[in-house]
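First comes the structure, then the notes that go with it.
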């Protein structure tokens, strides 16, 4: 593992630094209680609570809060693999799909295990100079381990000129 990746993972695992990052860069995620639980080079786990700020009128977690947590589980992996690279690479969500299976009435845990795919796509974008698109999946489960929702995100990576 490269030292830049290790630095990012160490920073984002630090509770105060992680919360400051969310507060400054993703304030709506911060205020709705979205938090990174675990992150490595290959996987990221994010939690969103069911509370007043994240609920909808139907006594479940608002789908936008679920989407924020799911996107963060994929985006944090992308950011980890881009952190402090000498090549400047832009990243952008170009598509998203969500499928819902159960009502989210408690904590929902989203996990993306596509870190290696992100690393390969970013490396390919750098080597070829072409824009690369990949699809990352984040699966949300409740505290009982039942799948609540599955989100897919299309991420685009392109080396900046």
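The values are calculated or read from the model by the stated rules, or taken from the named source; none is laboratory data. These numbers were taken from a predicted model, which means no experiment stands behind them. Heads up, the Cβs are rebuilt from the backbone with ideal geometry, glycines too, and the neighbour counts pull from every protein chain shown.
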### Query
In region 10-28, how many are in contact with a helix residue (DSSP H, G or I) (Cβ under 6 Å, 6 or more places away or on another chain) and more than 22 Å from residue 63 (Cα to Cα)?
4
## Note on the structure
Note: among 86, 102, just one is assigned to a loop (DSSP other than H, G, I, E, B), at pLDDT 95 or above and at negative phi, namely 102
### Query
at pLDDT 85 or above, surrounded by 15 or more Cβ atoms within 10 Å (Cβ to Cβ), touching a strand residue (DSSP E or B) at 6+ places or on another chain (Cβ under 9 Å) and farther than 25 Å from residue 119 by Cα: does that describe residue 48?
yes
### Query
If we keep just the residues of region 51-81 that are on the phi < 0 side of the Ramachandran plot and not in a helix (DSSP H, G or I), which is surrounded by the fewest Cβ atoms within 10 Å (Cβ to Cβ)?
57
### Message
Could you go through region 10-22 and let me know if any residue there is assigned to a loop (DSSP other than H, G, I, E, B) and at pLDDT below 95.
### Response
yes
### Candidate set: region 1-28, residues that are in contact (Cβ under 8 Å) with a residue 40 or more places away in the chain and crowded, with 16+ Cβ neighbours inside 10 Å; chosen: the one farthest from residue 119 (Cα to Cα)
26
### Task
Output the residue which, of all residues in region 115-131 that are in contact (Cβ under 8 Å) with a residue 40 or more places away in the chain and in contact with a helix residue (DSSP H, G or I) (Cβ under 8 Å, 6 or more places away or on another chain), is nearest to residue 73 (Cα to Cα).
115
### Message
If I filter region 29-43 down to residues being touching a residue at least 60 places away in the same chain (Cβ under 8 Å) and touching a helix residue (DSSP H, G or I) at 6+ places or on another chain (Cβ under 9 Å), which single residue comes out as surrounded by the most Cβ atoms within 10 Å (Cβ to Cβ)?
### Response
41
